[in-house]
Amino acid sequence: SYTMFIKKDLRKIPKILEDAIDCTTIDHDDNNHADDDTTDPSTMTTEPRQKRSKVEMPLSTLRLGRRQQEFQGSVKILCQPRYLPKLQCLQNLNLYDCAISSLEGIGALQACRQLEILNLGRNPLTTLPDELSALSKSLKQLWMDDCQLTGPLPACVVQLQELQSLRASNNQLTHIPATITQLTRLQVLCLDRNPLQSLPEDWHGLSQLEELYLRHTGLQKLPRRLPCRKLKILHLSSNPLVNVDSIVHTPGLTELRQLYLNGCQLTSLPLGI
């Protein structure tokens, strides 16, 4: 076995962005013909052929984790208008553990029309601004583990309709609104270690959900109906559950492959499990 190390970019954020190419100036025709070696004999000369310059690639991944001093609590350094043309091809943005407490201005990143992955993990965020929903046309994975989100799951998250993976473990979320069923493309939902007081009673809208993680959430009962059709993995460990009857009573829950009930308070399993 081996471990792959990703070398950290030691440049400051403004320098990284200034060095990146402007996505609005990319000549796709030139790129398409970069490897075209076809030569027209009628245009051949005896002059030495010039070596082609290296084609610069647009910025697609930006790993800026653990840069607390540069961010100074906000994302404003990224959202300045002069940098947005450099970010239009961005697909993956990692802001893990940057001591960011405010996402004010993040709506400007709607210019990143290809942004699919956003990692906000381990930042002292207590809430999310409505303008986060500006990323709804592209965002597919949102990481919010180990933040300080409180109360219900923020409404702006439910508006990210292309979302396929939502990870928000180890926060202080107390409610998951019924509107979460609007995330019809969601495949992975991780809510471990949140003091959830309740869950929606009907999850039928989450028809694409394959993995559901609800460990250490304090749940005393399950919803009367669980996501079905494609649900393969269900983690319910370390909850004061006394019965899991709804697992049997949910019709169509035929794809379930892994069920975890460690550390619960079950005295028996339901008939038909």
Calculate the spin-label point distance for residue 18 paired with residue 266, positioning each point 7 Å from the Cα along the beta-carbon direction, and give it in nanometres. 6.0
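Compute the FRET efficiency between residue 92 and residue 179 as 1/(1 + (r/R0)^6), taking r as their Cβ-Cβ distance and R0 = 35 Å, and round to the nearest 0.05. Display every interim value, and only then the final one.
Details: r = 27 Å, r/R0 = 0.78.
It comes out at approximately 0.80.
Return the FRET efficiency for the residue pair residue 116, residue 220: r is the Cβ-Cβ distance, R0 is 45 Å, and the value is rounded to the nearest 0.05. Before the final figure, lay out each step's value.
Numbers: r = 37 Å, r/R0 = 0.81.
Taking R0 as 45 Å, the efficiency between residue 116 and residue 220 is 0.80.
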Unit charges at the beta carbon, dipole of the chain: most positive-side option, 207, 150, 85: 150
DSSP bridge pairs, the chain: antiparallel proportion in percent, nearest 5: 0
Per residue, in Å², the accessible surface of the chain once ligands and nucleic acids are set aside, probe 1.4 Å: 57
Toy charge model, Lys and Arg Cβ at +1, Asp and Glu Cβ at -1: the chain dipole around Cα centroid in debye, rounded to 20, equals 860
Determine the gain in length on full extension of the stretch residue 259-residue 198; use 0.36 nm per residue of separation and subtract their C-alpha separation, reporting nm with one decimal. 19.9 nm
For the pair residue 126 and residue 99, the simple spin-label estimate (label points 7 Å beyond Cα toward Cβ) gives in nm 1.8
Using Cα-Cα distances under 8 Å and only pairs 6 or more residues apart, what relative contact order does the chain have, in percent? 9
Taking r as the C-beta separation of residue 66 and residue 161 and R0 as 30 Å, the FRET efficiency to the nearest 0.05 is 0.45
Sorted by accessible area with a 1.4 angstrom probe, largest first, how do 221, 86, 140 fall? 221, 140, 86
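The values are calculated or read from the model by the stated rules, or taken from the named source; none is laboratory data. Note that the coordinates shown come from a computational prediction; the quantities given were computed from them, not determined experimentally. We place every Cβ from the backbone using ideal geometry, glycine too, and count neighbours over all the protein chains shown. Areas reflect the complete protein model, heavy atoms only, side chains present, ligands, DNA and RNA absent. Shrake-Rupley method; radii C 1.70, N 1.55, O 1.52, S 1.80 Å.
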